[in-house]
Structure formats: C-alpha cells, structure tokens
1. Net charge near LEU170, counting Lys/Arg +1 and Asp/Glu -1 over other residues with Cβ under 14 Å of its Cβ?
2. Counting only heavy atoms of protein chains, what accessible area per residue, in Å², does the range 124-175 have with a probe of 1.4 Å?
3. With a 10 Å radius around each residue's Cβ, average the other Cβ atoms per peptide and rank 140-151, 88-99, highest first.
4. Work out, step by step, the length gained on full extension between SER90 and LEU173: first 0.36 nm times the residue separation, then minus their alpha carbon distance; give nm to one decimal.
5. How far apart, in nm, are the 7 Å Cα→Cβ label points at ALA180 and TRP151?
6. So how much accessible area does ILE111 have, in Å² to the nearest 10, using a 1.4 Å probe?
Amino acid sequence: MNFLTVLPLAVVMVAGTQLVVAVFLASSDRPRAASLGFLSGAGLVVAAGVTVGWLLTRWVGGLVADASAVAGRVDRGPAIDLVVLALLVSLAVVVWARRNRAGPPRWLGSIERADPRRALRLGALLFVATPTDDLTMATVGASVARRDLPWWHLMPFVLLTVLLLALPLLALLLLGDRAARALTRMREWAERHAWIVNEIVIAFFALLTVLDLIRSG
C-alpha cells in the first residue's frame, strides 16, 4: 500500500455536512469570497490534522522500535496497522451512528451573508468539531507514517479534500446561472447518500489494512 491508497478517504472528509455547507456558501450573497474563505479554513485544519497524526505515529513508533530493539524485535509495522484498523472501525461506527442525521443543520440559514473571515472560521471549526473528520485525519496520518513516507506525501490527500469541497464553487464558475440545479442535486446527494459512500470507502481501506497485516504476519 502506498500513499495513493489513502486518497479515497478524502470522500469521507467532505461527504455530508461539509459538502452541504460548501453548497450553501456557493449560493450565498458573496459566493466566491465566502467559498474561498471556507476552503482556506478547511485546508489549514486538514493539513494540521494529518500532520499531527503523522508526527504522533512516528514518535510513538520510534518509542516502540526502541523498546523492541532492546527485546530483540524490531517490527512496529503490524502494531501501527492494528491502530489504523481500530481507527477505521471507530470511524465506521461513528458514520453508522450519524447516518440518520440527514438534512441541513439549522444554523445554515445564518451563513447566507457570511464574509470571508467568518467562512474561514466556519471551515476550520467544522472539521475540528466533526468526529468522522478527526478520525479520518488520524487514520491518514498514521497510515502514511507507518510506511515511513515523508510529510509531503500527506499533501495530495489535503489537496483532494479541498478540491472536493471546491466542487460547488467550480460549478458556479463554470455554469453560472445554471449552477443552481447542479448545486441542489449535489446537496441532495450529500444529505441522502453520503454515509453509504463513506462506509464503502472505509471498508475498502480496512480491507487493505487487513491484507497488510496478513502479509506482515
């Protein structure tokens, strides 16, 4: 498994409330400025989140490797795989538990006049306060660190997450007045089917992790 295999988890990051908020901002009074602010806040938090997961895994993995060296065993890979698998199981449970929370949050109506600064704060807080995003960022950081890949290998995941969030803004820029129908369909999809797609992506990544465990065993 290489760092490209974590890219599908970007769908888990945005499918749901995050994409719904992006659609609302693309339909707000200042769609371009508000959307760019939202994307900036989200991108900063996602970059920081996966970096923390990467650093913690490398630090803990180093401690485990030192302890294993003393005992004559130097193989921290399976231990990290088990942690990643536990994170994925937790993520799947959280997604399942939140599956009936479809529909736009009540506070969305208040962001129609959001300025870029408020949209930036919203993008940051939304990703920090969402358990599925926290677990996903930890999983991605741990997975990349487990393979001893350098920090920059996290960036494709961050960029893809931001790109997916930017789809409503891109629809607005490309379609102009015709974007309303596309944005409505995008929002309805996120509200109804996001949890199913999330579970499929999580199951796929969990399978890859199990295969890694089998090969390392």
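1. +2
2. So the range 124-175 comes to 40 Å² accessible per residue, rounded to a whole number.
3. In decreasing order of mean packing, 140-151, 88-99 become 140-151, 88-99.
4. Extra length from SER90 to LEU173 when fully extended: 26.1 nm.
5. With each label point 7 Å from Cα toward Cβ, the separation is 4.7 nm.
6. Surface open to solvent at ILE111 totals about 10 Å².
The values are calculated or read from the model by the stated rules, or taken from the named source; none is laboratory data. These numbers were taken from a predicted model, which means no experiment stands behind them. For neighbour counting, all protein chains shown are included, and Cβ atoms are generated from backbone atoms with ideal geometry for every residue, glycine included. These area figures cover heavy atoms from the full protein model, side chains too; ligands, DNA and RNA do not enter into them. Shrake-Rupley method; radii C 1.70, N 1.55, O 1.52, S 1.80 Å.
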